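Structure first, commentary second.
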Amino acid sequence: PKGPQGATGAAGADAISLSITSSNGTVFKNNSGSTVLTAHVYVGGVEQSITSAGVCGSLGSIKWYKGTSTTAVATSKTLTVSASDVTNSVAYTCQLEG
């Protein structure tokens, strides 16, 4: 037998999403330039506060990764990437980790 079931909530009401914005685009030319990547966390479409140290309330911390590495290069709200950090091309990602 099944136990009691809670009421069905509104679709997506507490969905968590994460996005990254870049202050200076996504392409460097002539080995010069830099950009600041900023993480944004939303719960149910409402942006959450993230400290400069990357802490997003009780949800966890923002950890940044370079390429396919499984070792975080930083735990912070933002990550500055300079042309000297990139050879040819590389993808930076971040994750919200509890």
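The values are calculated or read from the model by the stated rules, or taken from the named source; none is laboratory data. Note that this is a predicted model, so its numbers are computed, not measured. A quick note on method: Cβ atoms are made from the backbone with ideal geometry, for glycine too, and the neighbour counts reach across all protein chains shown. SASA here: full protein model, heavy atoms, side chains in, ligands and nucleic acids out. Shrake-Rupley method; radii C 1.70, N 1.55, O 1.52, S 1.80 Å.
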- request: Based on a Kirkwood Rh over C-alpha pairs, give the Stokes-Einstein translational diffusion coefficient of the chain at 4 °C and viscosity 1.567 mPa s in µm²/s.
  value: 85
task: May I ask you to compute the full-extension gain from residue 27 to residue 15, defined as 0.36 nm times their residue separation minus their alpha-carbon distance, rounded to one decimal in nm?
output: 1.2 nm
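Measure off, as a whole percent, the carbon and sulfur share of the 1.4 Å-probe accessible area of the chain, all protein chains present.
Carbon and sulfur together cover 51 percent of it.
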query: Per residue, what accessible area does the chain have, given a 1.4 Å probe and all protein chains present, in Å²?
result: 67
message: Below 14 angstrom from the Cβ of residue 41, what's the summed charge of the other residues (Lys, Arg +1; Asp, Glu -1)?
response: -1
query: How many lysine pairs are close in the chain, with Cα atoms under 26 Å apart and the two 8 or more places apart or on different chains?
result: 4
